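To start, the structure itself, in structure tokens.
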Amino acid sequence: MSDLVTGDAVVLGLRSARLPSRALAVLLDLFVYVGCYLVVTFALVFATASLDDAAQAAVSVASLLLVLVGVPIAVETLSHGRSLGKLACGLRVVREDGGPIRFRHALVRGAMGVVELLMTFGTIACIASLVSERGRRLGDVFAGTLVIRERVPGARVMPVPPPPPWLAGRFTGLDLSAVPEGLWLAIRQYLTRMDQLDPHTGASMAARLADDVVARTGTPPPPGVTAAAFLMAVVHERQTRDAARAFAVQAPPGPGPMAAAVSGPMPMPMPPPVAAPFTAPVAGSAPMPMPAPAPAPAPAPAPAEAPVRRTGFAPPG
């Protein structure tokens, strides 16, 4: 593991690539580049058949530099440090601060690679990588880069051993809110590795952790319970509570007043009042009195809200 510190004082835990994986990536890249060079050479032979020997030699040298030097620089620049061989081996070229490389980094690496990899057949690169603490060759030193491993195998998570059956459910009323997360992590690490510890050392660690839990909860363990069994039971109780909070099914909300009113019996709509036909007054007659407006119908009483029935669990399917 390489502890790199960025400009923001952040420590990066990057795993440097070693010589075997780097050598395999370089061999894969060289195999591809040499194949491309042979294809380009055959094409140039037919294309420059009418030229003289000096022109053909110049074209051959230019194609050699282009394919074996220019192409790797372009590939590392465009892919941000992941050539075909490095991609197959799970490697990547990054700056010393963990950022992606640029053209100047790839140019320095490619120029030094001509001397380290091509002219000396990788001898200087192997010696420099073996001597370096982080497996860097001279091109990485001058360019300020580092080859890291992107695909790191994940650590296997060991399960916590279950408590004895007669202790299950004995600590349901224990207040665990005062136990900090750091202490829970220490207890879990001890329980997952207690079989690998020395018996005396493991017993002393279990006693110290159990005393810390008792001091935080204020409840002593039952008499005759060992420290390791007490820690197993406490961790099992916490996992049970976490699972109950995570998988608890909330009761569906009951119908509101609007839903209860809709679900109840609908009142019959009142017919609208029929207006009298308008007639023009006759000359010399008394004016007709205006009819009084009909009284508005009384609103129907709203039905009582149905009681809401709530349950703690969903019915079985």
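The values are calculated or read from the model by the stated rules, or taken from the named source; none is laboratory data. These numbers were taken from a predicted model, which means no experiment stands behind them. We place every Cβ from the backbone using ideal geometry, glycine too, and count neighbours over all the protein chains shown. Heavy atoms of the whole protein, side chains included, go into the accessibility calculation; ligands, DNA and RNA do not. Shrake-Rupley method; radii C 1.70, N 1.55, O 1.52, S 1.80 Å.
Out of the residues in segment 112-144 meeting the condition of being of a type outside the set (Gly, Ala, Ser) and not in a helix (DSSP H, G or I), tell me which one is most open to solvent (accessible area, probe 1.4 Å).
Residue satisfying both the conditions and the ranking: PHE121.
With the structure loaded, tell me whether LEU44 is in contact with a Gly (Cβ under 6 Å, 6 or more places away or on another chain) and in a helix (DSSP H, G or I) or whether it fails that test.
no
Can you tell me which condition THR201 does not meet? The list is (1) in a loop (DSSP other than H, G, I, E, B); (2) at pLDDT 50 or above; (3) among the polar types (S, T, N, Q); (4) out of contact with any Asp or Glu (no Cβ under 9 Å at 6 or more places or on another chain), and all the others hold.
Tallying (1) in a loop (DSSP other than H, G, I, E, B); (2) at pLDDT 50 or above; (3) among the polar types (S, T, N, Q); (4) out of contact with any Asp or Glu (no Cβ under 9 Å at 6 or more places or on another chain), THR201 fails exactly one: (1).
Give the number of residues within segment 49-81 that are touching a residue at least 40 places away in the same chain (Cβ under 8 Å) and either of a type in the set (Lys, Arg) or at positive phi (or both).
1
Among the numbered conditions (1) crowded, with 17+ Cβ neighbours inside 10 Å; (2) over 33 Å from the mean Cα position of the chain (by Cα), tell me where ARG109 comes up short.
(2)
It is to be established whether one or more residues within segment 137-149 are touching a strand residue (DSSP E or B) at 6+ places or on another chain (Cβ under 7 Å) and polar (S, T, N, Q).
So far as segment 137-149 goes, yes, one or more of its residues are touching a strand residue (DSSP E or B) at 6+ places or on another chain (Cβ under 7 Å) and polar (S, T, N, Q).
Under 8 Å between Cβ atoms, which residue pairs at least 6 apart in sequence (or on different chains) link something in segment 239-255 that is within 20 Å of VAL179 (Cα to Cα) with a partner that is open to solvent by less than 70 Å² (accessible area, probe 1.4 Å) and modelled with pLDDT of 50 or more?
GLN239/VAL160; ARG241/LEU176
Since ALA88 meets every condition but one in (1) within 16 Å of GLU150 (Cα to Cα); (2) open to solvent by 50 Å² or more (accessible area, probe 1.4 Å); (3) in a helix (DSSP H, G or I); (4) out of contact with any Leu (no Cβ under 8 Å at 6 or more places or on another chain), which condition does it not meet?
Exception for ALA88: condition (4).
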